[in-house]
Amino acid sequence: MDSNVLISGFGGQGVLFIGQLFANACMEEGLNVTWSPAYGAEMRGGTVNCTVCMSDDEVACAFVDKPENVIALNAPSFEKFENKIKSGGVMIVNSSLVKSKPLRNDINYKFIPITDIAHKTGHEKVANIVSLGAFIKTFPIVTKESIISIMKEKLTGKKAQMLNSNIQALEYGFLAVDN
């Protein structure tokens, strides 16, 4: 198994965090992984993305020209990566922020109102976790339990107060996808 996912959005949306969660969950489940962040000097509010490559074998290169899977948390990310995704790939789209219509018929789009769903938890900041739940339902390479285990490791100290909201957001994202 060799695959990858590119996650993209605005700085401050937690793009890098969910990339790390997913990469760590892949490692927990015995896969080899690379995680590569890419962001502009602006940080919060600027465009941010990361790529996670996973394989049963060694991962030779973290650079991905044509990602197999994309999570687009905002309109600029959707516009930038829609034409780059590999034919047959999956694109999880935050339809709360992306109003564009799909241009391709050779990829599997999942338009999910990610930000609206996050509001149900009382914390818009967990939209990233909603998207991760939707992704792992669509592309079941890791389990929810692995993601939750990594969240428990990462969300400590002051961040621990967000653990239950994050677990709820993961479940909401998972349930938002009908395969």
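Observations on the structure shown:
- For the chain, with +1 on Lys and Arg beta carbons and -1 on Asp and Glu, the positive-most of S55, A118, Q168 along the dipole: A118
- Extension reserve of the E153-L103 stretch, reckoned as 0.36 nm per residue once the Cα distance is removed: 14.0 nm
- Looking at the chain, the accessible area is 48 square angstrom per residue; that uses a 1.4 Å probe and ignores ligands, DNA and RNA.
- Which labelled figure in (1) 26, 21, 15; (2) 21, 20, 16; (3) 24, 18, 17 is semi-axes √(5λ) of the Cα gyration tensor in Å, once derived from the coordinates: (2)
- FRET efficiency estimate (nearest 0.05) - Cβ-Cβ, A160 to H119, R0 22 angstrom: 0.50
- Placing unit charges on the Cβ atoms only, positive for Lys and Arg and negative for Asp and Glu, gives the chain a dipole magnitude near 680 debye about its Cα centre.
- Over the residues of the chain, the helix contribution to mean residue ellipticity at 222 nm works out to -10500 deg cm²/dmol, using -39500 (n - 2.57) for each DSSP H run of at least 4.
- Mean sequence separation of contacting Cα pairs (under 8 Å, at least six apart), scaled by the length of the range 70-157, corresponds to a relative contact order of 22 percent.
- Surface share of carbon and sulfur [accessible, 1.4 angstrom probe, percent] for the chain: 51
- Residue (of F22, A127, V33) at the positive-pole extreme of the chain, dipole from beta-carbon charges: A127
- The value given for the range 94-179 is a Kirkwood hydrodynamic radius of 13.4 Å, derived from the mean inverse Cα-Cα separation.
- When only alpha carbons are used to place a centre, the range 103-132 and the range 32-93 end up 16 Å from one another.
The values are calculated or read from the model by the stated rules, or taken from the named source; none is laboratory data. Owing to the predicted nature of the structure, the values given are computational and were not obtained by experimental measurement. So basically every Cβ, Gly included, is an ideal-geometry build from the backbone, and we count neighbours across all protein chains shown. Areas reflect the complete protein model, heavy atoms only, side chains present, ligands, DNA and RNA absent. Shrake-Rupley method; radii C 1.70, N 1.55, O 1.52, S 1.80 Å.
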